[in-house]
Amino acid sequence: MSMTSMNISLPEELKAYVEAQTQTGYSTPSEYVRELIREDQRRRAKERLDALLLEGLSSGHPMPANAKFWTGLKRDAMARLKARKKSAK
């Protein structure tokens, strides 16, 4: 993965806090900030998934999620993936 630089401005108190994190588990301030960003990405993805699941639960009539359902869903997903790969060539 290629890296690029980004300069940020922090109040002295936050700068000291970030630097303290390099003494307790992170080797550099950059590593600490990258981990915070990754955690935020995971949190937002989970929030989006939760919202989609709630939307699904609230929409229409329920349908059985039995083995036949999952087999058909997988077959449809694989067909879509194959079609997408063909169109990307």
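When you check A65 against the structure, is it in a helix (DSSP H, G or I) and free of Cβ contacts under 8 Å to residues at least 40 places away in the same chain, yes or no?
It is false that A65 is in a helix (DSSP H, G or I) and free of Cβ contacts under 8 Å to residues at least 40 places away in the same chain.
Condition check: open to solvent by less than 90 Å² (accessible area, probe 1.4 Å), at pLDDT 95 or above and either touching a strand residue (DSSP E or B) at 6+ places or on another chain (Cβ under 8 Å) or among the hydrophobic types (A, V, I, L, M, F, W, C) (or both). Does L49 satisfy that?
no
State which residue pairs qualify: first residue without any contact (Cβ under 8 Å) to a residue 24 or more places away in the chain and inside region 32-48, second residue among the polar types (S, T, N, Q) and not in a helix (DSSP H, G or I) in any location, beta carbons under 9 Å apart, and separation of 6 or more residues or different chains.
Cβ pairs passing all conditions: Y32/T22.
In region 31-62, which residue that is among the acidic types (D, E) and either more than 30 Å from S2 (Cα to Cα) or not in a helix (DSSP H, G or I) (or both) is nearest to the chain's Cα centre (by Cα)?
D50
The values are calculated or read from the model by the stated rules, or taken from the named source; none is laboratory data. Computed from a prediction, not measured in an experiment: that's the story for all the values here. For neighbour counting, all protein chains shown are included, and Cβ atoms are generated from backbone atoms with ideal geometry for every residue, glycine included. Just so you know, the surface numbers come from the protein's heavy atoms only, side chains and all, with ligands and any DNA or RNA stripped out. Shrake-Rupley method; radii C 1.70, N 1.55, O 1.52, S 1.80 Å.
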